1. Which members of segment B:154-201 meet the condition of being within 14 Å of chain A (Cβ to nearest Cβ), among the β-branched types (Val, Ile, Thr) and part of a helix (DSSP H, G or I)?
2. Of the residues B:Tyr247, B:Tyr209, B:Tyr240, only one is closer than 30 Å to B:Ile665 by Cβ and aromatic (Phe, Trp, Tyr); which?
3. Could you tell me whether any residue of segment B:155-169 is free of Cβ contacts under 8 Å to residues at least 40 places away in the same chain and farther than 26 Å from B:Asn316 by Cα?
4. From B:Glu392, B:Glu397, B:Glu418, which residue is in a helix (DSSP H, G or I) and buried (at least 16 other Cβ atoms within 10 Å of the Cβ)?
5. Pick out the one residue from A:Ile56, A:Ile105 that is over 14 Å from the mean Cα position of the chain (by Cα), of a type in the set (A, V, I, L, M) and under 29 Å from A:Gly144 (Cβ atoms).
6. Residues B:Val189, B:Val217: which one is buried (at least 17 other Cβ atoms within 10 Å of the Cβ) and touching a residue at least 60 places away in the same chain (Cβ under 8 Å)?
7. Output the number of residues of segment B:672-691 satisfying the condition of being outside any helix (DSSP H, G or I) and at pLDDT 85 or above.
8. Return the residues of segment A:144-156 that are closer than 23 Å to A:Gln54 by Cα and in a loop (DSSP other than H, G, I, E, B); say none if nothing qualifies.
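The values are calculated or read from the model by the stated rules, or taken from the named source; none is laboratory data. Just so we're clear, the structure is a prediction, and the values are computed from it rather than from any experiment. All Cβ positions, even for glycine, are placed from backbone atoms using ideal geometry, and neighbour counts span all protein chains on display.
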Amino acid sequence: MKVYTFPSLFRLFYRYRDLAPQLVPLSYIDKPDVKLPYELIGSMAELKDNPFRQRIAEVFSEDGEGNMTLDDFLDMFSVLSEMAPRDLKAYYAFKIYDFNNDDYICKSDLEKTVNKLTRNELTPEEVCLVCDKVIDEADQDNDGKLSVEDFQHMIVRAPDFLSTFHIRI
Amino acid sequence: MNDSDGESEAGEAASGKKKRDKKASSKDQKEAENKEKQTNKKGKEQDKKQKKSPAESSSSSSASNSSDEESLSEEELTRLKEQVEEKKKLISTMRNKPWRMVKKLALLREAQAFVEKFEGALGKGKGKKFYAYKMMMAKKWVKFKRDFDNFKTQCIPWEMKIKEVESHFGSSVASYFIFLRWMYGVNLVLFGLIFGLVIIPEILMGIPYGSIPRKTVPRAEQATAMDFSVLWDFEGYIKYSALFYGYYNNQRTIGWLKYRLPMAYFMVGVSVFGYSLMVVIRSMARNANENTGDGDDNNFTFSWKMFTSWDYLIGNPETADNKFASITTSFKESIVDEQESNKDENIHLRRFLRVLANVLIICCLCGSGYLIYFVVKRSQTFSKMQNIGWYERNEVEIVMSLLGMFCPPLFETIAALEEYHPRIGLKWQLGRIFALFLGNLYTFLLALMDDVNEKLTEEVVIKNITHWTLLNYYNSSAMNDSAVTLPPMDPADMPRGPCWETTVGIEFVRLTVSDILVTYVTILVGDFIRACFVRFVNYCWCWDLEAGFPSYAEFDISGNVLGLIFNQGMIWMGSFYAPGLVGINVLRLLTSMYFQCWAVMSSNVPHERVFKASKSNNFYMGLLLLILFLSLLPVAYTIMSLPPSFDCGPFSGKKKMYDVIQETIKQDFPLFVAKIFSYVANPGLIIPAVLLMVLAIYYLNAVAEAYQHANTELKKKMQLQRDEEKNKRNNKATTSSAVQDLDDLLVPSAKSESQPKPTEGKTYERDFCHSSGQLHLYFPSVGPANTPTLRLPRARHAFLSPCAQVSPS
């Protein structure tokens, strides 16, 4: 079982290059240090409609700002592909939804997630109710926020996780 | 001398083990090399060099290490082996580690270099060169397999098309197309079987058209045989072609290959069902495997909604808009459910409404069944009349298609009375449509059976007529007193029996074709014309056509899937009597794929409520399996009990169709095989075998239930343990009442000091042990040393803490 076949690796590289042909050289023999800024990554067809694209780019980029090298790019699509193992996806999903990067998904992270998902159409009380319910359901150690273990424990049981946390490119 | 011999022996043993391990992990190594290639991808030439160099370096390293052989002692050898194993394990699990790509690559290169440097050293002694050669061959083989897999993946048809549909409409609509593609594959295999083993031999090696009565158009029909209207009804030249059962000759062997056509026809008919059964069940088993681990369905509703509802595959703003809206609605619904979960509605009213709805629907189903029966009976009387119009000829098909078009929406409106949860409502709807189609199909079949029986009685009459006609023909020649023997009668003039099998085949082909036409026309009118109308007339219409009625159509997944399943059922039923039917179906599926993809992309809008495709796949497979069994029954019945026509088809002249097997066994196999079969066919043997199978099913069922029971028990235990840990960490009230009492006894200071800080996950238990040790230290101060209460702390300690072995005394 492989993550990528040869033809799709080519496709990935050319997609990366198409974002900025003048910045990305054709040959990587000398290991050039090329980083594409977040604006280019976020404008890709597969990502531009995703409400979490900024977080995705930030999680997979080296500098944490969303500027990605080719390695980061490949890493990102490798984790998001069909063949990546569930635990790996769960780990990265946790990092994506952890907006303040404190290794816990706290209530403010949850609120941001809900608002991004519904484009701010729920009332604040409804948002609060939803976040409380989530913490109630998934928090195992009762610290009022979700740790990595809580999140993984909850997400590996979800029937849709693998099919929705998946980008085909 | 002795030492080196001993070493080389150990080395050979080690290398033997190494070879085995190597074979197991060479694939991983190839994967690891693949990863390395990911970054060196840019220059293509680079890859080729890369591919060659590991093979070269391994052989060169093994050659260069020959001088080191003697210097490695046994402990060093085992230590080296362990290290190599460790590195290999690292390489194989590298993919799962959540590190940065740069770090992974650095570690990977280091590990690979290490493995390649030293594994050559482990192949010592005489087997070294052979070992290196074997390594190289293993690597080449793995590479070849990988290239072949790549090639196979590229060969999967329509992948990009389905991806496009998926990104616009979500995974549920795409699942219909994936199902369609799967059906196409199955049908292609069936077509290959039938075409290659039945149709082609008869056409190539059988006697040609026009030479015997069954292969010629009768004189009476020859005038109109080429007319389009006749051909459209599958009469005329088409009826007397290899597409239908009646064309095949009953010669036992044909051609120089001595190909046994009747036997082949029978076996292909049986294997069509066998293969379909195998493929469907294999697919169901695969789906079932993916669905295991269901368990806590209700525990994480909101969490799952929050983290798994966004479909990352969406790449289109319109779909994204719909998805946002559907997520919002879904959250609102769940919130309302949560707030009103205890609200009790009028149960009696709801039950009454549901019963009423079911009664109405059963009435509809009965009504439609009777209508079909009536129409089929009428068509039989029509076929006896002359001058029948186009409507009378196609009445049956028209009525069935109309029913299929209008009843499902009717069911949906009646089902609004029931107020079920949408997913349950959908299952009821699918079940009802299924019953509708089934009822129609079986009524159709019953009417067909009447027709067949009629034809059978007719046949006896015609057989006599044929006999007398031939007799008269030859007698008349004798009376004319010519010494020359007359040529045999022109095949077109022979009186022909009413070949019932061909009639049945024609009926099925007609039904299939009309079904195809109706589907395509529905899509064209219902989706495309409607979309054009809404788009262009909207400018000059009173109300907003796009938002209100009729607006754009949504892709009806369940209707289409059911249509596909029923179509396949008809193919299965009809393929025994019309071998060409599968070919027609293959063409239909092929054009359907392109046509429906185009229609979906051009005239449909994504669903308001995006349908979750994950769990329903096995439901459709289950329906397919049911249809397969149901379509097997009529065919099996006719094969077993009806006599074949006397003058058409590969079984003509036999008493029953399955006699062909007996004949083959008697004539083609040696004598003892016939004896064996006659013993095996004895009811005394078959009944115990059936009994044994029933018992085996019962036993396996019991075992499965036992496993399920054990599963639930384990889950309960895990839940209990989780609850215990949860409470331990927070020193809340535990499940044990004794401990609760103790809780109350505790001095508040002891309690506050024993609160563990929940900072690290893994060290909880250690913290608690530590703190409970403290607790214990405090206990002497709670009460006098010799009171029984002192025993309670130890009990608590033992009860709660897993590290109870830590005795504080």
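1. Those that are within 14 Å of chain A (Cβ to nearest Cβ), among the β-branched types (Val, Ile, Thr) and part of a helix (DSSP H, G or I): B:Ile162, B:Val165, B:Val173, B:Ile178.
2. Working: B:Tyr209 fails: closer than 30 Å to B:Ile665 by Cβ; B:Tyr240 fails: closer than 30 Å to B:Ile665 by Cβ.
None of the others qualify; the one that does is B:Tyr247.
3. Yes, segment B:155-169 contains at least one residue that is free of Cβ contacts under 8 Å to residues at least 40 places away in the same chain and farther than 26 Å from B:Asn316 by Cα.
4. Selected residue: B:Glu397, the only one of B:Glu392, B:Glu397, B:Glu418 that is in a helix (DSSP H, G or I) and buried (at least 16 other Cβ atoms within 10 Å of the Cβ).
5. Values: A:Ile56 fails: over 14 Å from the mean Cα position of the chain (by Cα).
Result: A:Ile105 is the single residue among A:Ile56, A:Ile105 that is over 14 Å from the mean Cα position of the chain (by Cα), of a type in the set (A, V, I, L, M) and under 29 Å from A:Gly144 (Cβ atoms).
6. Criteria check complete, one pass: B:Val217.
7. Adding up the residues that qualify gives 1.
8. Those that are closer than 23 Å to A:Gln54 by Cα and in a loop (DSSP other than H, G, I, E, B): A:Lys145, A:Ser147.
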